[in-house]
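> Encoded as structure tokens, here's the structure I'll be asking about.
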Amino acid sequence: MIDYMGGNDAFEKKLDELFIADSKLTGRDDGDISGMIGQYVHGNEPSHGIIYLYNHVGRPWKTQERLKQIMNDFYKASPDGIIGNEDCGQMSAWYVLNAIGLYQDCPGNSRFLVCATTFPEAKINLENGKSFTILNPNKDRTYYDPLYIDYAAILKGGAYTVAQQPTKEEFAKMDHHKSYANATNSPTSFASVPIILASGQSFRDSTLITMEAYKAPTIYYSAEGQTHSYQKPFYIYEGTTLKAWAAYKETGPGRTSRGVTARFYKMPHPERKIKLLTTFDSEYPGGGDEALIDGIKGEQDWKKGSWQGYQGKNLECVVDLGARKNIKSCSAEFLQDEGSWIMLPREVEFSFSDDGINFSDDCIAKNEIPDDLKKWESPRSPMQDVIIKQFIGNLKSSQSARYVKVQAINYGKLPNLGIEERGNAWIFADEISIE
């Protein structure tokens, strides 16, 4: 990753940008986001390994400076002394390990980084009956030598005294970060999984496909039952499933990557266009401006991102059929997951026009499914209460029009349950069908 981003200096600069960036957040307000330094969020457990990346580019003092800042600012001896959500004890485990001067930055790797100790002496009683003591007479030091200790050495027991290099400049010249990287025994020439790139998952007439793989081993892909060697970008003109993998000529462990699959859809009505009169929320674009007419159906697991979301407002859009058509039916699909504040619209209104300005002959599809806003409080399996409903406009007779307006009325503000104050409901919409 360091090489891919331009080397040690470029990688260090990118890390610095994370910690000095503006801490302002955009999008939905989430009170669980806490412990911020720039855009680093210590309250988010998956972020906990980021600060140790400085060690890999020969800047361990930056790791120690951030460790000291986090341990002093975000941990207090009080009932609310831990920021973030203490999931499975990770917030505490992070502190305990760093307080005794060790941290495993890569699970599965036998190397523990030596880091900022809180105590001049820390003793670990091991399960094999031995003990391992870490001695750090100068606990205010900011960088160390060596950067790591192997788990096998810890199991042997005994004492370990942390030493300090005299200057940052001398430390950088010694390339300790390179010896640490080499000690991980990670393969340096394994075939990485390739990336399949396109302008989007759906297209009108054609779309350009590009494939990339780190360090450029040969990329292979299969389409329509045939295998090809990727040479240069190419166009596809029909809906296609592509599977790609990378491989070196030599055989052996790690020389062939795992495969990656991408499905591309040709829009069923490429002549149609859609104009959104209300703006979807950036968190749930569902595929972009044309998601509601692209022919891709949303799945029950809405977290995969195939649904377009609107919070606290109606969905209103106009579909341009490209020419005046006889319309026999029209419908739109919506999703409900009450526990996630996603509610079916109260009703969906379809209206018709020849000029895209004056609409008439409305037909309304009402939601007849009663809501039960309390059932989500009891433990339930994921997706157990998810509903996908097709709202069908019952036309009294065929309509002749070029434009169809679709308006879905939002459920509105959700009622409070107990002490929890709930906000505005979401509309999750997907495919609009006009036949």
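> Can you find, within segment 150-162, the residue that is modelled with the highest pLDDT among those that are assigned to a strand (DSSP E or B) and surrounded by fewer than 11 Cβ atoms within 10 Å (Cβ to Cβ)?
It comes out as G158.
> Also, quick follow-up: For segment 1-22, what are the residues that are free of Cβ contacts under 8 Å to residues at least 60 places away in the same chain, touching a Gly at 6+ places or on another chain (Cβ under 7 Å) and assigned to a helix (DSSP H, G or I)?
Within segment 1-22, L18, F19, I20 qualify.
> Scan segment 296-319 and tell me whether some residue there is in a strand (DSSP E or B), closer than 21 Å to I387 by Cα and either hydrophobic (A, V, I, L, M, F, W, C) or in contact with a Cys (Cβ under 8 Å, 6 or more places away or on another chain) (or both).
yes
> Looking at the structure I just gave you, is G286 of a type in the set (G, A, S), within 19 Å of V404 (Cα to Cα) and in the same structural domain as I364 (by TED's automatic domain parsing)?
No.
> Can you run down the residue pairs with Cβ atoms below 9 Å, 6 or more apart or on separate chains, where the first is in segment 353-367 and of a type in the set (V, I, T) and the partner is surrounded by fewer than 17 Cβ atoms within 10 Å (Cβ to Cβ)?
Cβ pairs passing all conditions: I364/E347; I364/N394.
> Could you list, in sequence order, the residues of segment 398-415 that are out of contact with any Ser or Thr (no Cβ under 8 Å at 6 or more places or on another chain) and more than 10 Å from P345 (Cα to Cα)?
Once the filter is applied, which keeps residues that are out of contact with any Ser or Thr (no Cβ under 8 Å at 6 or more places or on another chain) and more than 10 Å from P345 (Cα to Cα), segment 398-415 yields S398, Q399, S400, V406, K413, L414, P415.
> Filtering segment 199-255 down to residues that are of a type in the set (D, E, K, R) and touching a residue at least 60 places away in the same chain (Cβ under 8 Å), which residue is farthest from K273 (Cα to Cα)?
Selected residue: R255.
> I would also like to ask the following. Looking for whichever is surrounded by fewer than 16 Cβ atoms within 10 Å (Cβ to Cβ), more than 26 Å from the chain's Cα centre (by Cα), under 30 Å from D294 (Cβ atoms) and basic (K, R) here; the options are K249, K232, K243. Which one fits?
K232 is the lone residue from the list that is surrounded by fewer than 16 Cβ atoms within 10 Å (Cβ to Cβ), more than 26 Å from the chain's Cα centre (by Cα), under 30 Å from D294 (Cβ atoms) and basic (K, R).
> Please go through segment 329-344 and give me each residue that is surrounded by fewer than 23 Cβ atoms within 10 Å (Cβ to Cβ) and among the aromatic types (F, W, Y), ordered by number.
W341
> Filter segment 385-410 for residues that are buried (at least 17 other Cβ atoms within 10 Å of the Cβ) and β-branched (V, I, T) and give the result.
V386, I388, V404, V406, I409
So that you can scan it fast, the table gives a plain yes or no per residue for (1) at positive phi; (2) among the hydroxyl-bearing types (S, T, Y); (3) more than 38 Å from the chain's Cα centre (by Cα):
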residue	(1), (2), (3)
G322	yes, no, no
K325	no, no, yes
S331	no, yes, no
M343	no, no, no
V348	no, no, no
N358	no, no, yes
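The values are calculated or read from the model by the stated rules, or taken from the named source; none is laboratory data. No experiment lies behind these values; they were computed from the predicted model shown. No Cβ is skipped: glycine too gets one built from the backbone with ideal geometry, and neighbour counts run over all protein chains shown.
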